[in-house]
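Novice: Can you keep this structure in mind? I'll have questions shortly.
The values are calculated or read from the model by the stated rules, or taken from the named source; none is laboratory data. Since this is a predicted model, take the numbers as computed values, not measurements. Counting neighbours? That spans all protein chains shown, and the Cβs are built from the backbone with ideal geometry, glycine included.
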Amino acid sequence: MDRVLKYLLLPAVFLALALFFTTSSRAMDVSFEWDANSEPDVIGYYLYYKENSGGEPYDGRVSIEGRLVTTYTLFDLDDTKDHYFVLTAYDDEGLESDYSVELVRYAVPQQYTLDVTPSGQGSVSPNGGTFDEGTVVELTATPDDGWTFDYWTGHLSGSANPETIIMNGDKSVTAVFTQLLPTQYMLTVTPSGQGTVSLSPGGGTYDAGTVVTLTASADSGWQFDHWTGDLSGSANPATITMNSDKSVTAVFTQLVPTQYTLTVTPSGQGTISLSPGGGTYSEDTVVTLTASADSGWQFDHWTGDLSGSTNPATITMDSDKSVTAMFTQDSIEPEVLDTLPHHNAGITDDTRIPINTSFAVLIQDADGLDITEPTSVMFIITEEGHSAYIRDLNDVPVLRVVKLTNDDDTQVRKLWVVYDRINDIYGDYNFDTEVSIEVEAQDINGAVMTPEVYRFRTETSDAHDTAQISRPTWALVDPGDPALENPYDAGILVTSGELEGAKIIYDDDEPVKPEFGPIHEIPEHNVPEAGAPMNLQPPTVFNTPVKLFIPYPAYVDVSRLSVYMYNGRDWVLACDAAGNVLPGGDGWMVPGSRVNHNYGNPSTIEIKVYHFSAVQTGAYTSNITTISDGEGGSGGGCFIATSGSDH
């Protein structure tokens, strides 16, 4: 082998790992790896090492025997110092190669921990951390509002801010903050005219920066007009910031009494008396209206700016008012006002009657019916494929009564009598079947209604299947829906399409469960700004009025929209924008039940109804006529009309 080994592979590859064994000494292990020399007479390697600086002479040497040995580890080196290494190869004659490329393992700097704690209300930046030995850290103390930085404690002292600290060991520093005493100002408030001013917070003396809310309340016959002094404008309540002593005057002005006119109209035969009389009243006057029916007539209810059937009734004059007293003629015998489904439905028209429909009649009698007497109402039912059979009020739950008045059961003047075929021994009606039902009734004075016969034809199987496919998509309402309140414990919600957001909320104990029917089954209604119609199925009357949520995506505010009802023959105006139940909605919508849910997604109108039909929103126009099957009528026409029969 030559004096200089020329084939030592350079540079050698070094891998290092430092280990710390104790807190008082810092040591590391350094491992080396290199490529074996290819000359066959090489018998080993020398590893030279040196601290703090490189180059010859080296402090020490380690002999590593074996040409194929290519790794070695030096243990417990001081990691606070730089270490320099080279490698040579030697042969069996003692000849040694040149040095390899010198490698360096630099010292690992010592690190210390800085712990910073605020005392009081404030912060310090930086708020602590780990730093190399000798690092100069600048600490800045920032007090919160109402506080000030005072001084440092721990490994810092004094009140300089910012302040520096040298990391030559672990350090602990506390920044001490002290609270400032607030400046206080006085607020003086004076009313001009008749009224008072309340302050929130109260007291009149406030810390600097306090925002005080002033609310002016006028006495009766006066009104707040504006602020003067250190506050201006007419906003009420108004706010003022206490950054100095303040003086404010609230100016009140006297009102001139506003006069309103009350217009009353009787519908039918009767009169209306007013107390106090006159017809023109100062604002907020409470007027009592008393309806007196002529002989053979009776007062029924109020419409317009007054609703309900209370008599006498009162109205507060906060605007011009118009009230109509509805008088109805005394019935000599029980009278059927309407039926569900309507007479000849599915026979003389193309109305689809579901096979799970109920049959119901709305009966009115001035003297009343005793519904504890089973034969006071009887149904004689005939249908294709069945012999005639009789059902009376003893046949519970097949026949049931829903009262529309608060009368005692022995003298009910207005009621729905409902036959639920699904509860009978026959179950649902057959498809494409004509049903004939004769209704008989007798009041408490023995007056017997002339029997009336009503007919309808059930849907075909194909029509049923088509309706199932084309009806809106709905899901059960969320159990957390706020509309689910006693006794309402069930509901369905349309989840897509034109009626998205439409909702039916009901009592799950109802014998017939509500559904949504296809929109296309309902005829178009030529009312301005009409929403999509809700087809409510099947025809039935509910023991507990059902809640309807009617969507109108085009409006964020539905307050000016009216509600229309389709009774199987006509579209009729049922409820005006003010929530009054009009003649078209009598017996269908619960008075006082309208709630406008504005700014929803979508916005909806909520109402309660006694029975199912179709419903739609729209803007009211007095010259809009109903869509009829030939009988005609107006949008404000009466829904309750004598039902047609075969007599």
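Novice: If ASP462 meets every condition in (1) out of contact with any Phe, Trp or Tyr (no Cβ under 6 Å at 6 or more places or on another chain); (2) under 30 Å from ILE371 (Cβ atoms); (3) not hydrophobic (A, V, I, L, M, F, W, C) apart from one, which number is that one?
Specialist: Tallying (1) out of contact with any Phe, Trp or Tyr (no Cβ under 6 Å at 6 or more places or on another chain); (2) under 30 Å from ILE371 (Cβ atoms); (3) not hydrophobic (A, V, I, L, M, F, W, C), ASP462 fails exactly one: (2).
Novice: Follow-up. Within the range 126-154, work out how many residues are out of contact with any strand residue (DSSP E or B) (no Cβ under 8 Å at 6 or more places or on another chain) and modelled with pLDDT of 95 or more.
Specialist: Taking the range 126-154 as the starting set, the residues that turn out to be out of contact with any strand residue (DSSP E or B) (no Cβ under 8 Å at 6 or more places or on another chain) are 145.
Then drop every residue that is not modelled with pLDDT of 95 or more, which leaves none.
So the count comes out to 0.
Novice: Also, quick follow-up: Can you spot a residue in the range 277-300 that is closer than 17 Å to ASN580 by Cα, in contact with a helix residue (DSSP H, G or I) (Cβ under 9 Å, 6 or more places away or on another chain), part of a strand (DSSP E or B) and in contact (Cβ under 8 Å) with a residue 24 or more places away in the chain?
Specialist: No, because not a single residue in the range 277-300 is closer than 17 Å to ASN580 by Cα, in contact with a helix residue (DSSP H, G or I) (Cβ under 9 Å, 6 or more places away or on another chain), part of a strand (DSSP E or B) and in contact (Cβ under 8 Å) with a residue 24 or more places away in the chain.
Novice: Report yes if TRP571 is in contact with a Phe, Trp or Tyr (Cβ under 9 Å, 6 or more places away or on another chain), buried (at least 24 other Cβ atoms within 10 Å of the Cβ) and under 25 Å from ALA325 (Cβ atoms), otherwise no. Give the derivation first.
Specialist: Values: in contact with a Phe, Trp or Tyr (Cβ under 9 Å, 6 or more places away or on another chain): yes; buried (at least 24 other Cβ atoms within 10 Å of the Cβ): yes; under 25 Å from ALA325 (Cβ atoms): no.
So TRP571 fails the test.
Novice: Separate question: Would you be able to say whether some residue in the range 541-562 is among the aromatic types (Phe, Trp, Tyr), under 30 Å from THR348 (Cβ atoms), at pLDDT below 90 and over 27 Å from the mean Cα position of the chain (by Cα)? Even if it seems obvious, please write down each step before you answer.
Specialist: Filtering the range 541-562 for residues among the aromatic types (Phe, Trp, Tyr) gives 542, 549, 552, 555.
When the remaining residues are screened for being under 30 Å from THR348 (Cβ atoms), the result is 542.
The next check asks that each one be at pLDDT below 90; those that pass are none.
Scanning the range 541-562, I find no residue that is among the aromatic types (Phe, Trp, Tyr), under 30 Å from THR348 (Cβ atoms), at pLDDT below 90 and over 27 Å from the mean Cα position of the chain (by Cα), so the answer is no.
Novice: Oh, and also: Is it the case that GLY169 is surrounded by fewer than 16 Cβ atoms within 10 Å (Cβ to Cβ), assigned to a loop (DSSP other than H, G, I, E, B) and in contact (Cβ under 8 Å) with a residue 24 or more places away in the chain?
Specialist: Spelling it out, GLY169 is indeed surrounded by fewer than 16 Cβ atoms within 10 Å (Cβ to Cβ), assigned to a loop (DSSP other than H, G, I, E, B) and in contact (Cβ under 8 Å) with a residue 24 or more places away in the chain.
Novice: Across the range 420-458, which residue is farthest from LYS513 (Cα to Cα) among those that are touching a helix residue (DSSP H, G or I) at 6+ places or on another chain (Cβ under 7 Å) and surrounded by 19 or more Cβ atoms within 10 Å (Cβ to Cβ)?
Specialist: Among those residues, the one meeting the criterion is GLN442.
Novice: All but one of (1) at pLDDT 95 or above; (2) touching an Asp or Glu at 6+ places or on another chain (Cβ under 7 Å); (3) surrounded by 21 or more Cβ atoms within 10 Å (Cβ to Cβ) hold for ILE605; which doesn't?
Specialist: ILE605 satisfies every listed condition except (2).
Novice: Let me ask something else about it. Can you find a residue in the range 411-419 that is surrounded by fewer than 19 Cβ atoms within 10 Å (Cβ to Cβ), of a type in the set (A, V, I, L, M, F, W, C), more than 13 Å from SER376 (Cα to Cα) and in the same structural domain as GLY346 (by TED's automatic domain parsing)?
Specialist: For the range 411-419, residues surrounded by fewer than 19 Cβ atoms within 10 Å (Cβ to Cβ), of a type in the set (A, V, I, L, M, F, W, C), more than 13 Å from SER376 (Cα to Cα) and in the same structural domain as GLY346 (by TED's automatic domain parsing): absent.
Novice: I'd like to know if the range 621-633 contains one or more residues that are crowded, with 20+ Cβ neighbours inside 10 Å, in the same structural domain as PRO518 (by TED's automatic domain parsing) and either within 20 Å of THR540 (Cα to Cα) or at pLDDT below 90 (or both).
Specialist: No, the range 621-633 has no match at all.
Novice: Does VAL189 satisfy the criteria of being outside the structural domain of PRO143 (by TED's automatic domain parsing) and either β-branched (Val, Ile, Thr) or without any contact (Cβ under 8 Å) to a residue 40 or more places away in the chain (or both)? Before the answer, list the steps.
Specialist: Numbers: outside the structural domain of PRO143 (by TED's automatic domain parsing): yes; either β-branched (Val, Ile, Thr) or without any contact (Cβ under 8 Å) to a residue 40 or more places away in the chain (or both): yes.
For VAL189, the condition - outside the structural domain of PRO143 (by TED's automatic domain parsing) and either β-branched (Val, Ile, Thr) or without any contact (Cβ under 8 Å) to a residue 40 or more places away in the chain (or both) - is met.
Novice: Within the range 201-235, count every residue that is among the β-branched types (Val, Ile, Thr) and in a loop (DSSP other than H, G, I, E, B).
Specialist: The initial filter retains those residues of the range 201-235 that are among the β-branched types (Val, Ile, Thr), namely 205, 210-213, 215, 228.
Of the ones still in play, those that are also in a loop (DSSP other than H, G, I, E, B) are 210.
The qualifying residues number 1.
Novice: So which residues in the range 506-521 are within 15 Å of VAL615 (Cα to Cα), of a type outside the set (Asp, Glu) and either surrounded by 15 or more Cβ atoms within 10 Å (Cβ to Cβ) or in contact with a Lys or Arg (Cβ under 8 Å, 6 or more places away or on another chain) (or both)?
Specialist: Within the range 506-521, PRO514, PHE516, GLY517, PRO518, ILE519 qualify.
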